[in-house]
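Quick note: the coordinates plus some simple rules give every number you see, no bench work behind them. Nothing here was measured: the structure is a model prediction, and the numbers come from that model. Using ideal geometry, Cβ is built from the backbone for each residue, glycine included, and neighbour counts are taken over all protein chains shown.
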Amino acid sequence: MTRKPFSPSRLSRGRRARPSGAPWSVLVFAAVALTLGGADSRSGAPVAPPAEEGAAGDTVSFVNDVLPIFQNRCAQCHGAVGEDGEVRTEVSLNLLEYERIMMGSEFGPVVEAGSAENSFLLEMIVEGNMPEEGDPVPEDEIEVIRAWIEAGAPNN
Ligand code: HEC
């Protein structure tokens, strides 16, 4: 057996219905896309996910991987209960609840599912603007958040 040792909780993403059929069809699509060279997202065709994204790319979980980072580094200002007993949500951004994250701040969305490039939240971290106080987010944690957003920011 060549099956990789997934943790059982991550298998739950299999419940998400996939529009295309067997995995090999994705590979064939990728191969054709590569052969055609110029064909990319601008053509309007869905771009097949890379077969191997390395590291956490294909299996990143919101609950297990992303949320703990927000809990450790962001919640004190975005979602956790402070000493006064009130939930602190700077700019109305709560990073402890999936729906609230996707809703964004009082200024608008901060995560664009599928596009790390257009996700303000990631930009703030990468440029060192967030967290506003404390240590900057280390590179490996940034990559986890990036991979999650690129994977469509699933609630998994
Ligand atoms: C010490 C408090 C504090 C911590 C910790 C903190 N933030 Fe913030 N955050 C703020 C404040 C205050 C603002 C609003 C002022 C500003 O934009 O500089 C803000 C604004 C933001 C915004 C901009 C929202 C918008 O639409 O303008 C994002 C995104 C954000 N934070 C994400 C994060 C993330 C992700 C983390 C953890 C890695 C984090 N913050 C940690 C205090 C904090």
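One table, with the values for the structure above:
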{"read-out": "Scan of the range 90-125 for residues that are polar (S, T, N, Q) and within 8 Å of the ligand (Cβ to nearest atom), ordered by number", "value": "Ser105"}
{"read-out": "Top-ranked residue of the range 61-75 - restricted to ones that are of a type in the set (Val, Ile, Thr) and within 18 Å of Pro138 (Cα to Cα), ranked as surrounded by the fewest Cβ atoms within 10 Å (Cβ to Cβ)", "value": "Ile69"}
{"read-out": "Filtered residue count, the range 112-156, keeping only those that are touching a Cys at 6+ places or on another chain (Cβ under 9 Å) and aromatic (Phe, Trp, Tyr)", "value": "0"}
{"read-out": "Members of the range 76-125 that are of a type in the set (Val, Ile, Thr) and buried (at least 17 other Cβ atoms within 10 Å of the Cβ)", "value": "Thr89, Ile101, Val110, Val111, Ile125"}
